[in-house]
Structure formats: structure tokens, C-alpha cells
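The next block holds one structure in the form of C-alpha cells; read it before the comments.
The values are calculated or read from the model by the stated rules, or taken from the named source; none is laboratory data. Predicted, not measured: the structure shown is a model, and the values here were computed from it. Reconstructed Cβ throughout: ideal geometry from the backbone, glycine too, with neighbour counts over all protein chains shown.
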Amino acid sequence: MKKNEWNFDRLIRLFIAVLAFIWWYFRLHGTLQIVLYIIAVISLFTSITWFCALYSIFKINTNKNKPIKKMLVWIYVIVILILWWILAFLSNFFSRKFFLEDFAHMNDSYKQLLFNTGKEKREESISYYEKLIPAYKEFQDKYSNYKPYVLKSDTKFNADLETISTLLTDIKDAVYSGDLPATHKKLEEVRPIFQDIFKRNWFSMLAITLVDFHDIMETVIAWADKKDTQKIISTYPMADEKLKEVEAQLNDESIQAIRKNLDTILDMAKNNQLDWLSKQWSDLKSSFVKVYLIKG
């Protein structure tokens, strides 16, 4: 096997191998992933062996038998290492971003279904259920087969997706003709599953903190509905802590409205203003729902 590549040619092939390996490993899936993997392997092999079969077929020879300066070699090596780090970082970032975009697309129908079952709106619930099922199936099919880099080590991921799929299938009859409040409670089981997926894979997003706050907020609301002022006061610090986590990520007017409503409930509980508690906890829930439907 006669050498038919010059050093510069070999460095270009090494660079192509680096690019192909990065995109294969971090982002792509399916046929294109296989194609890039093959390109990466071939480029790396030809770079190491100094031999290109296509060059041999077409009688091309870039081997000038001239040594390349060592300084130039080190420059190329350093450039390739820097590019590897930058591209790996960007690939990791964008694979995370694309995953969240796919999740948000599917999750929008889930949030609307959750909202409308809670409001006992049958027609709207059916409409969003029929949107959610194909959207979730598309999401599950894609990420059951393709693991972006941020999920590669998550051994529980596929099992969690299957659990959610079973849950969504099981509530079908209830959505069409059953008990919507009970269906709403069943749907609530989906959120902590995704919440756990995000947490164990180190996702940092507003939706996670909103979900965390929601759970304790519902406890505050439950005590406000029962007009149990002592329970409201004792539960408030936990809700306050979770809301601060939301505020650390976003603190616009919509989040400030949640803060105002939560703090007002605390003030009413301290001042024993029981007559206004029902309206206030309703305002708190409404302000949260507005944020969650748009930004969660």
C-alpha cells in the first residue's frame, strides 16, 4: 500500500474525522448518524495510513515527500483540539436545546389537557387528549431510539417514557366519558416523572422550578381552602423557598403576580382574614396557571 497523501492532506482528513465523530456522537440519529460514523472512520483510517483508495483509483498522489515543519504540526494539533472542545460544547448545548424544544412541543398539549380536565371541560379535554397522544408517541419513538449526549447515561429513561405512555393510554375512557377531576389527578402523575428525568440529567429550566413550586403551592391552597391559618403559616416558608428558585430564573410581571398572591395569603392568615381566603387562593392558582401554560 503506497503512501499517496501529504501531511497537510492527512491533517484535513483528521479534522473531518473529528467533525464527523462529534456530530455522530452528540446530535444525529438514524441513517445520517451511520453515514457520519462511516465518514469518520474512513477519514481517520486514511489519515493514519497515509493511503486513500480513491486517490489510487484516480491516480492522485499528494505525497510530496517533503517533511512538514514540526511547529506547523503542533499548530494544527492545537487547533484541532480547540475545535474539538468548542464543537463538543456546542453539540452538547444544542442537543439539550433540541430535546427541550421537542419536549415543549409535546408538553404544550399535556398542559392544556391537565388544565381543562381540572376545569372539567369535556370537549376541550378530548381535543387536547387527541393532540397529546400522537405528539407523545412521536416524542417517545424518537428518544427511545436516539439518545442525545445529555441522556446517554440515563438507564431509567426508556422505562419512564413507557410508564407515561401506559398512563396516557389508561385514561382514554375517562377523558371521553369518565370522571374528569379523577383524570386530572391521574395526569398529575406525569409531571414528577419528567421532573425526575430533568433533575437526574442536570437540566436547568424554568419548567422544573415551576413544577417544584406548584407541588407546595397546592398544599398552601388546600389549607387556604380549609381556612386553616396555622397550616398556611407553617407551609409558607417551603412555598417561599420554591418560588425564590423560580424568581432566580425569571422574575417578570407574571412571576411577581404569583409572589404577590402568595404573600397576600400569608398576610390574611396572620391577620385571620378568613372571608377573603377563597378568592385569594383562586387568584394564586390563576396567576400560576397563566405562567405555566405560557412559559412552563
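In the set (1) in contact with a Pro (Cβ under 9 Å, 6 or more places away or on another chain); (2) exposed (fewer than 14 other Cβ atoms within 10 Å of the Cβ), Lys152 fails one condition alone, (1).
Going through (1) surrounded by 15 or more Cβ atoms within 10 Å (Cβ to Cβ); (2) assigned to a loop (DSSP other than H, G, I, E, B); (3) out of contact with any Leu (no Cβ under 9 Å at 6 or more places or on another chain) one by one, Asp212 falls short only on (2). From (1) modelled with pLDDT under 80; (2) surrounded by 17 or more Cβ atoms within 10 Å (Cβ to Cβ); (3) farther than 30 Å from Val150 by Cβ; (4) out of contact with any Phe, Trp or Tyr (no Cβ under 9 Å at 6 or more places or on another chain), pick out the condition that doesn't hold for Tyr76. Tallying (1) modelled with pLDDT under 80; (2) surrounded by 17 or more Cβ atoms within 10 Å (Cβ to Cβ); (3) farther than 30 Å from Val150 by Cβ; (4) out of contact with any Phe, Trp or Tyr (no Cβ under 9 Å at 6 or more places or on another chain), Tyr76 fails exactly one: (4).
Taking the range 215-235 on its own, how many of its residues are of a type in the set (Ser, Thr, Tyr) and closer than 20 Å to Val291 by Cα? Show your work before the answer.
We begin by selecting, within the range 215-235, every residue of a type in the set (Ser, Thr, Tyr); these are 219, 229, 234-235.
Next cut, closer than 20 Å to Val291 by Cα only: 219.
Residues that pass the stated criteria total 1.
Just one of Ile82, Ile133 is free of Cβ contacts under 8 Å to residues at least 24 places away in the same chain and either among the β-branched types (Val, Ile, Thr) or over 24 Å from Met205 (Cβ atoms) (or both); which is it? Spell out the reasoning first.
Working: Ile133 fails: free of Cβ contacts under 8 Å to residues at least 24 places away in the same chain.
Among Ile82, Ile133, only Ile82 is free of Cβ contacts under 8 Å to residues at least 24 places away in the same chain and either among the β-branched types (Val, Ile, Thr) or over 24 Å from Met205 (Cβ atoms) (or both).
In summary, Ile255 fulfils each of the numbered conditions (1) loosely packed, with under 15 Cβ neighbours inside 10 Å; (2) touching a residue at least 24 places away in the same chain (Cβ under 8 Å); (3) closer than 20 Å to Val289 by Cα with the single exception of condition (1). Taking the range 194-209 as the range and being over 24 Å from Asp252 (Cα atoms) and either outside any helix (DSSP H, G or I) or among the hydroxyl-bearing types (Ser, Thr, Tyr) (or both) as the test, the residues that pass are Asn201, Trp202. Among the residues of the range 269-296 satisfying the criterion of being free of Cβ contacts under 8 Å to residues at least 40 places away in the same chain and in a helix (DSSP H, G or I), which is farthest from Val211 (Cα to Cα)? Filtering the range 269-296 for residues that are free of Cβ contacts under 8 Å to residues at least 40 places away in the same chain and in a helix (DSSP H, G or I), the one farthest from Val211 (Cα to Cα) comes out as Asp275. Among the residues of the range 153-163, some residue qualifies, meaning at least one is out of contact with any helix residue (DSSP H, G or I) (no Cβ under 7 Å at 6 or more places or on another chain) and within 24 Å of Trp23 (Cα to Cα).
More than 16 Å from Ser287 (Cβ to Cβ), modelled with pLDDT under 95 and either assigned to a helix (DSSP H, G or I) or of a type outside the set (A, V, I, L, M) (or both) - does that describe any residue in the range 248-255?
Applying the first criterion (more than 16 Å from Ser287 (Cβ to Cβ)) to the range 248-255 yields 248-249.
Among the residues that remain, those that are also modelled with pLDDT under 95 are: 248-249.
This time we only want the ones that are either assigned to a helix (DSSP H, G or I) or of a type outside the set (A, V, I, L, M) (or both), so: 248-249.
There is at least one residue in the range 248-255 that is more than 16 Å from Ser287 (Cβ to Cβ), modelled with pLDDT under 95 and either assigned to a helix (DSSP H, G or I) or of a type outside the set (A, V, I, L, M) (or both).
Would you say Glu120 is closer than 24 Å to Tyr292 by Cβ, surrounded by fewer than 18 Cβ atoms within 10 Å (Cβ to Cβ) and in contact with a His (Cβ under 9 Å, 6 or more places away or on another chain)? Against the criterion (closer than 24 Å to Tyr292 by Cβ, surrounded by fewer than 18 Cβ atoms within 10 Å (Cβ to Cβ) and in contact with a His (Cβ under 9 Å, 6 or more places away or on another chain)), Glu120 qualifies.
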